[in-house]
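Notes for the one structure printed next.
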Amino acid sequence: MSAREQQPRRIWWARPGKLCALERPGGGGRSHRADRRSAEIAYLLGKGVRMCISTMGTRHNLGAYESAGLEWHHVPVESASRGAEALEELLPLLRRELRRRGAVAVHGNRHTDFVAAVCAAHLHEARGVDPADALTRAAAAGLTVNGYTCALLGVEPADVDLRMRKPDAG
């Protein structure tokens, strides 16, 4: 692995030092690059991440996590529109894993709508944060927040300030 660290292009530290949501390290889809993946995994390790939860439909990156010494958990989810069952699986996992030392990273492929919902739901459940406020913060960090994301959490899209959203990185 490269010693060089590179912050992922789309990352939201929902709980700084404990929980982040991001695009697949290295980029999603055809834009994926192995050198970028190594640098972004180095960044995650440098920030204290000990576990990556992948919601991608494929098992890509899991071997890279093992090679880097990261624990991983794989729950394939196509999108937020089909994520209700997976959300119910992930919330107890996050409750358990976030009690331990270190941080947890949750990622999708290029689409980050579901991982934004997971972290917003965790913040609501664990900290009482209004899901609309959490989704606004996720959007401001560059994650995708759409009608499906809002519906998954029972939030009206009009209650999420998408004007704060950064332009898509790709």
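The values are calculated or read from the model by the stated rules, or taken from the named source; none is laboratory data. Bear in mind the structure is a predicted one, so any value in this text is a computation, not a measurement. No Cβ is skipped: glycine too gets one built from the backbone with ideal geometry, and neighbour counts run over all protein chains shown.
Evaluated against (1) over 21 Å from Val155 (Cβ atoms); (2) free of Cβ contacts under 8 Å to residues at least 60 places away in the same chain; (3) touching a strand residue (DSSP E or B) at 6+ places or on another chain (Cβ under 9 Å), Leu98 falls short on exactly one condition, (2). Against the test of being crowded, with 21+ Cβ neighbours inside 10 Å and in contact (Cβ under 8 Å) with a residue 24 or more places away in the chain, the options Ala105, Ala126 yield a single qualifying residue, Ala105.
Being surrounded by 19 or more Cβ atoms within 10 Å (Cβ to Cβ), modelled with pLDDT of 95 or more and part of a strand (DSSP E or B) is a property that does not hold for Val115.
Out of the residues in segment 58-84 that are of a type in the set (S, T, N, Q) and more than 16 Å from Ser38 (Cβ to Cβ), state the one that is surrounded by the most Cβ atoms within 10 Å (Cβ to Cβ). Before you say what the answer is, go through the steps one by one.
Here is the first cut: in segment 58-84, the ones of a type in the set (S, T, N, Q) are 58, 61, 67, 79, 81.
Right, trim to more than 16 Å from Ser38 (Cβ to Cβ) and you get 58, 79, 81.
Values: Thr58: 11, Ser79: 17, Ser81: 15.
Checking each candidate, the answer is Ser79.
Among the candidates Ile53, Ile41, the residue that is buried (at least 20 other Cβ atoms within 10 Å of the Cβ), farther than 25 Å from Thr136 by Cβ and out of contact with any Lys or Arg (no Cβ under 8 Å at 6 or more places or on another chain) is uniquely Ile41. Note on segment 123-138: residues that are in contact with a strand residue (DSSP E or B) (Cβ under 9 Å, 6 or more places away or on another chain) and under 16 Å from Ile11 (Cβ atoms) total 4. Looking only at segment 131-147, residues that are at pLDDT 95 or above and not aliphatic (A, V, I, L, M) come to 4 in all. From the list Arg24, Arg30, exactly one residue is modelled with pLDDT under 95 and touching a strand residue (DSSP E or B) at 6+ places or on another chain (Cβ under 6 Å). Which is it? Among Arg24, Arg30, only Arg24 is modelled with pLDDT under 95 and touching a strand residue (DSSP E or B) at 6+ places or on another chain (Cβ under 6 Å).
If we keep just the residues of segment 148-170 that are outside any helix (DSSP H, G or I) and either in contact with a helix residue (DSSP H, G or I) (Cβ under 6 Å, 6 or more places away or on another chain) or of a type in the set (Val, Ile, Thr) (or both), which is modelled with the lowest pLDDT? Selected residue: Gly170.
Could you tell me which of the residues Arg95, Arg100 is farther than 24 Å from Gly27 by Cβ, in a loop (DSSP other than H, G, I, E, B) and more than 13 Å from the chain's Cα centre (by Cα)? Steps first, please.
Working: Arg95 fails: in a loop (DSSP other than H, G, I, E, B).
Of the residues listed, the single one that is farther than 24 Å from Gly27 by Cβ, in a loop (DSSP other than H, G, I, E, B) and more than 13 Å from the chain's Cα centre (by Cα) is Arg100.
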